[in-house]
Amino acid sequence: MSPSPVEIVSSQVVPIAVDQDVVRVRQAMRGVAVNAGLSLVDQTKVVTAASELARNTLIYGGGGQAVIELVRGGGRTGVRVGFHDEGPGIADINLALTDGYTTGAGLGLGLSGARRLVDEFGLDSAPGAGTRITITKWGR
């Protein structure tokens, strides 16, 4: 059975180039999550995941952008955000998604933690090709 098509109700692009942009991503995500009718718990989960991924986009990807969308599909409404950077990419995606793995000074819970907080998680990256991550959180 193929998934239902997803309709993009609204979309906004948030450039990620400085620390303040991570805050802007969080604020925009909160607004869209409220508009999607997500519970407070689900709002917190998706905003937390987006904040972590925005910070990774800035720190490891050298900056990029977030495309935040209010989406509908399969009789439900949700929020989807795609992060894109032109950074060095991720050489070993499976390793990067392992709890505790880090190439920086963090705890190594960013990617794996973000993945646990959302309903859908997609990651596409390769060395020298940048990184694209898409997350979706659906209303219940």
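A short reminder: the numbers here are calculations on the coordinates, not readings from a lab. Owing to the predicted nature of the structure, the values given are computational and were not obtained by experimental measurement. Every residue, glycine as well, gets a Cβ built from its backbone with ideal geometry; the counts of neighbours run over all protein chains shown.
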TODO: Count the net charge of all other residues whose Cβ sits under 10 Å from the Cβ of ARG132, scoring Lys and Arg as +1 and Asp and Glu as -1.
DONE: -2
- [ ] Assuming R0 = 25 Å, can you tell me the calculated FRET efficiency for the pair THR44 and VAL13, based on Cβ-Cβ distance, to the nearest 0.05?
- [x] 0.60
TODO: Mind listing the long-range amide H neighbours of ASP119? Cut-off is under 5 Å, sequence gap 5 or more, other chains count too, H placed in the peptide plane at 1.01 Å from N.
DONE: THR136, LYS137, TRP138
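Report the full-extension gain for the segment ASP124 to VAL34: residue separation times 0.36 nm, less the Cα-Cα distance, to one decimal in nm. Intermediate results must be reported in sequence, preceding the final value.
Details: separation 90, 0.36 × 90 = 32.40 nm, distance 2.80 nm.
Gain on stretching ASP124 to VAL34: 29.6 nm.
Mind checking which helices in the chain clear 18 Å along their axis (Cα) and have mean Kyte-Doolittle hydropathy of 0.0 or more, DSSP H runs only? Show your work: numbers first, answer last.
Numbers: long enough: 19-35 (25 Å, -0.29); 40-59 (28 Å, 0.43).
Membrane-span-like by this rule: 40-59.
With 10 angstrom as the radius, rank LEU38, LEU95 by how many other C-beta atoms surround their C-beta, starting from the fewest. Mind dumping the intermediate values first?
On the way: LEU38 23, LEU95 10.
With the fewest neighbours first, LEU38, LEU95 line up as LEU95, LEU38.
Once you list every other residue whose beta carbon is under 9 Å from the beta carbon of GLN43, what net charge do they have if Lys and Arg are +1 and Asp and Glu are -1?
Values: positive: ARG30, LYS45, LYS137; negative: ASP42.
Result for the neighbourhood of GLN43: +2.
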TODO: Please give the net charge around VAL6, taking every other residue with its beta carbon less than 11 angstrom from that of VAL6, where Lys and Arg add +1 and Asp and Glu add -1.
DONE: 0
